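Right, one structure below, let's go through it.
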């Protein structure tokens, strides 16, 4: 009984699981997030080379899609509860996603935040040859 009380007191002083949950429940708003593969997003964040986001090979998409917020330099994994994979695939390779939601989990190793999305809109990648500018 004394060990349990001491353990609870130590958790309370250290912030404990409740503090971790409070940090995870952060409100997140992303405008024009780039949909890309995880390895491409990690490389872009490390090197600062944003070309890696739009030139990410399709094999990386098969491993998992993430959203890279260029303004904040943060990587988000989208929870599949509201946004389906096929919707994210529409934006892979040149499109974008705007969303609001709350964080539910943070991977401490890669610093990738999983977000439960409340609202979103996706701008699909442009079709090849879609630009008809000045000729």
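Just so it is clear, none of the values below were taken in a lab; they were calculated from the coordinates. Just so it is clear, the model here is predicted, and its values are computed rather than measured. Cβ sites come from the backbone with ideal geometry, for glycine too, and all protein chains shown count toward neighbours.
Taking 0.36 nm per intervening residue step and subtracting the Cα-Cα distance, what contour gain separates residue 26 from residue 127 on full extension?
Taking residue 26 through residue 127 to full extension adds about 32.8 nm, to one decimal.
Given points 7 Å out from each Cα along the Cα-Cβ axis, report the residue 119 to residue 49 separation in nanometres with one decimal.
Going from the residue 119 label point to the residue 49 one covers 3.8 nm.
Among DSSP bridges having both ends in the range 72-134, what percentage is antiparallel? Round to the nearest 5. Don't skip to the end; give the middle numbers.
Working: 11 of 15 bridges.
Here the share of antiparallel DSSP bridges comes out near 75 percent.
Measuring from label point to label point, each 7 Å out along Cα→Cβ, what is the residue 102 to residue 79 span in nm?
In this crude spin-label approximation the distance works out to 0.9 nm.
Using only the Cα atoms of the range 26-123, what are the Rg and Dmax in Å?
11.9, 32
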